[in-house]
Amino acid sequence: MVKTVAKVKNVAVGSPAAKAGLMAGDTILGVDGYEMVDIIDWRLLTSDYSFTVYAEREGKELELCVYRDEMADLGVEFEDILFDGIRECANRCVFCFVDQLPDGVRDSLCIKDDDYRLSFLQGNFVTLTNCSKRTLDRIVEFRMSPLYISVHATDPVIRNSLLGRKSTRPIMEVLGYLKDNGIEMHTQIVVVPGMNDGAVLKRSVEELSTLRPGLLSIGVVPVGLTRHRRINEQIRSVNETEAKDTLDMIGDLQSSFLSHFGTRLVWASDEYYLVAGRNFPDDKSYEGYVQLENGIGLARSLSGDVESLLSEGTWVSDPQASNTCLVTGTDGARVIGPLLDKIEVLSGSKTDLISVPSIYFGGGVTVTGLVVGSDIITAVERMDGRPTAGGRLVIPDVMLRDGEDVFLDGMKVAEVARRCDMELRVVSTDASGLLEAAGMHRKAV
């Protein structure tokens, strides 16, 4: 039996939990006699006005009675939201990114999670291949909706091949069960040329559409490959012709779905438009950006947000922002470059853009979030007209590990700043961060 550990990280001062005597460092054993496996259990069991929490502190068991008003936050923060540990992936996907990481990366980056609870709580895409009937019933009972599900192909044989499995429960059967029981779903298809593109992709999208209205969206994303692949399958990145063909197919499907369902339902990631050399769709076409975190509509959303901010009040440039360089990945440079040109027209000051190719990951890695410290140092050293020592280097926070000042290659922000002999400033990865990087601020009224 898996041991559960619900360790309390923090208890808010004056909260119902604090008034009951719960403290940081306590381990919660159960609520009203029921054990818990995750924060979902905790939320359900503590939804009443009063309940009893059984906890352990320094080897002693405690019985704490908690009372609260209907809207009061309990004030409890846990060290981990999964008390019984993360459910790891049992698949051997031919495109698994964890299997493409360089040697020596932090252990936490090598965890292959495939936990349905993180799909519900954080929007992580999961395959559901490790979900038993009992687990699916729990999803339904606890109304874990919406879920984010990696489909890749609706054909069972093709899907198993992509997942590196001999046999799994047919995904359409699983999704049908969830849909029939009121669970809504966002899905994604990672496209591997020659395996699940073309007619296979079209069939997958059409079959998924039969799950409307429970199926909310289908994201189509090209496979990402690094130079560190350990799996032997010979796969490659999507080329320009394939990207154009896929976009044409998706355009036709969107027109059909819009007519039948009132939604486009399926969207291609930004990378497809960059590879195909095509303009991004307009804002309206993304219908609220339902898969923004999956790289679908990021460019158009950023552009719209920048224009919206610039239209709000009067902006002026910071005279101290001269000799500033903004760092981005090669894909990001193609999106941000034109936006910086617009900002320059308004501000009269220029922010240099450093497009950083990925040496650390290599392969076809072009996204900004995978730019690492060593690659930034190399890019700055190789620049024509290297930035003046003491200048400012600006990076988006997506390059850093969550809550840390460390890049994925282990280099610290301070070390990169020292090696480049420049001040290094971290900004948010959004429109306000871009304006800050360009030295823009609202004029005081």
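The values are calculated or read from the model by the stated rules, or taken from the named source; none is laboratory data. All values reported here derive from a predicted model rather than from experimental measurement. Don't worry about glycine lacking a Cβ; one is built from the backbone with ideal geometry, like all the others, and counts go over all protein chains shown.
A few points about this structure:
- Test: residue in the range 171-187 that is at pLDDT 95 or above, within 18 Å of residue 97 (Cβ to Cβ) and of a type outside the set (Lys, Arg): no
- Residues (touching a residue at least 40 places away in the same chain (Cβ under 8 Å), within 19 Å of residue 295 (Cα to Cα) and polar (S, T, N, Q)) located in the range 163-219: 188, 217
- Helices (runs of 4 or more DSSP H) wholly inside the range 108-215 that include at least 2 residues being touching a Gly at 6+ places or on another chain (Cβ under 9 Å): 171-180
- Identity of the residue in the range 79-134, hydroxyl-bearing (Ser, Thr, Tyr) and surrounded by 15 or more Cβ atoms within 10 Å (Cβ to Cβ), that ends up nearest to the chain's Cα centre (by Cα): 119
- Filtered by the rule that a residue be surrounded by fewer than 18 Cβ atoms within 10 Å (Cβ to Cβ) and either modelled with pLDDT under 95 or assigned to a strand (DSSP E or B) (or both), the range 1-13 gives 1, 2, 3, 5, 7, 9, 10.
- Filter result (closer than 16 Å to residue 429 by Cα and free of Cβ contacts under 8 Å to residues at least 60 places away in the same chain) within the range 279-315: 292, 297, 298, 299, 300, 301, 303, 304, 307
- Residue 89 being within 30 Å of residue 226 (Cα to Cα), touching an Asp or Glu at 6+ places or on another chain (Cβ under 6 Å) and not basic (Lys, Arg): yes
- Qualifying residue in the range 386-395 (condition: within 21 Å of the chain's Cα centre (by Cα) and at pLDDT 90 or above): yes
- Filter result for the condition that a residue is among the β-branched types (Val, Ile, Thr), at negative phi, more than 20 Å from the chain's Cα centre (by Cα) and surrounded by 17 or more Cβ atoms within 10 Å (Cβ to Cβ), over 314, 328, 351, 378: 351
- Residue 72 being within 16 Å of residue 20 (Cα to Cα), part of a loop (DSSP other than H, G, I, E, B) and either free of Cβ contacts under 8 Å to residues at least 40 places away in the same chain or outside the structural domain of residue 159 (by TED's automatic domain parsing) (or both): yes
- Residue satisfying all of: in the range 245-296; among the small types (Gly, Ala, Ser) and in contact with a Ser or Thr (Cβ under 9 Å, 6 or more places away or on another chain); modelled with the lowest pLDDT among these: 295
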